[in-house]
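Worksheet: one structure, shown below.
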Amino acid sequence: MENGLEATSKKFDGIEKIHLLEFIEEDKKLVVVGSSSKGEKLKIIIWDMYNNFRDFETTMEFDFLKKDLEKDNLDNLATLATRLARTSGNIFQIDNDGKVSSVLKEVKKKEEEEKRDIKETLNMAISPENELHKKYGKKSNRQPDISHIVHYEKNVNFEPIVTDKEPWVLRDYERNSYCLYHNKKGTEVETLQLIVGRSTVQIWHQIQDGNKNKD
């Protein structure tokens, strides 16, 4: 019931008019075909209703649905219902020549292309030349803190702005800090630190100039 109530109030970015809805994958996902008021190309959203993050959705725009409609000079998409056919767990498109093709197959093809692009980007990011360096943070007595791992790029003189900002955690716990940005301009040093603790993820910003600090 929770998911049903959520579905009735769900809003999809970029869609003002919904033309078709279809449940797929044992009713775990909802396929939405819609368009904006401007009559732009159709947008297909696959909403994973049972995803832990709840708001996760895969959005893709396609020309292949609207190409046939444009041949009929129908900007209002009035013939969409006659061009799409729904079966259990699938949606088919029928073009002017009577050729039938699977819309979901095109969607999955697009998804695979995007996943491949993301994977290639990640591989480049974690390549040896881009690999982050690691070191231990320091305790208040300046001794190494093996529970605090500091990640930073080569040739960056990064010292964490904070080392422990979860005072409600009494015992020692693992923490990871990442240097998101570090730039020195004259006597001014600007730093952006991400610290992942036990129960929080925090971002700290510091501009240091001589004896003047701004956090």
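Below is a table of values for the structure above.
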| item | result |
| --- | --- |
| Strands (runs of 3 or more DSSP E) (entirely within the range 1-116) containing at least 1 residues that are at pLDDT below 80 | 17-24, 29-35, 43-48, 57-61, 84-87, 90-94 |
| Every pair of residues 6+ apart whose Cβ atoms lie under 7 Å, when the first sits in the range 94-118 and is among the small types (Gly, Ala, Ser) while the second is modelled with pLDDT under 80 | SER101/GLN93; SER102/ASN90 |
| Residue list for the range 129-155, filter: of a type outside the set (D, E, K, R) and within 28 Å of the chain's Cα centre (by Cα) | ASN130, LEU132, HIS133, HIS148, ILE149, VAL150, HIS151, TYR152 |
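The values are calculated or read from the model by the stated rules, or taken from the named source; none is laboratory data. Here the structure is a predicted model, which is why all the values come from computation and not from measurement. For neighbour counting, all protein chains shown are included, and Cβ atoms are generated from backbone atoms with ideal geometry for every residue, glycine included.
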